[in-house]
Amino acid sequence: MITVVHYIVLSSILFTLGVVGVMIRRNAIVIFMCIELMLNAVNLSFVSFAHYLNSMDGQLFVFFTMAVAAAEAAVGLAIIVAVFRNKETVNIDDINIMKW
């Protein structure tokens, strides 16, 4: 039988992979995908706790998180496309437009 601990362990592993991806990778698109992985890991824990506690609060948080993730993806990809048109790269180290 799958318990809430299994879901929390899976969620922790997915979140850790997302954090490692953000810390290690230099490609902006991969970093966005790792952020999405972290958000989905948190959603998994919310749903598992909501099911365990027989509450709808976790599912409401998941709905809010998915809305924020969709907005983040739309705005983030638009920024990446705009930067790629100017710099012709998505490497974070080469994008230094905030520096003097």
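The values are calculated or read from the model by the stated rules, or taken from the named source; none is laboratory data. Given the structure is predicted, the values throughout are model-derived calculations rather than measurements. Cβ: placed from backbone, ideal geometry, glycine included. Neighbour counts: every protein chain shown. The accessibility values were calculated without ligands, DNA or RNA, using every heavy atom of the protein model including side chains. Shrake-Rupley method; radii C 1.70, N 1.55, O 1.52, S 1.80 Å.
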Subject >> Sites E36 and I8 - FRET efficiency at Förster radius 22 Å, r taken between beta-carbons, to 0.05 >> reply: 0.65
**OP:** Give the accessible surface of the chain per residue, rounded to a whole number of Å², with probe radius 1.4 Å and ligands, DNA and RNA excluded.
**Re:** 74 Å²
Original post:
Which value, in debye to the nearest 20, describes the size of the charge dipole of the chain about its Cα centre when Lys and Arg Cβ atoms bear +1, Asp and Glu Cβ atoms bear -1, and nothing else is charged?
Top reply: 200 debye
**OP:** Measure nothing but the geometry: give the 0 to 90° angle between the long axis through the Cα atoms of 4-24 and the longest principal axis through the Cα atoms of the chain, rounded to 10°.
**Re:** 10 degrees
Subject >> Accessible surface of the chain, 1.4 Å probe, proportion on carbon and sulfur as whole % >> reply: 72 percent
Original post:
Which angle between 0 and 90 degrees, to the nearest 10, do you get for helix 28-53 versus the longest principal axis of the chain when only C-alpha atoms count?
Top reply: 10 degrees
Original post:
From the residues A74, I97, V30, which one has its Cα farthest along the dipole of the chain in the positive direction, the dipole being from +1 and -1 charges on Cβ of Lys/Arg and Asp/Glu about the Cα centre?
Top reply: I97
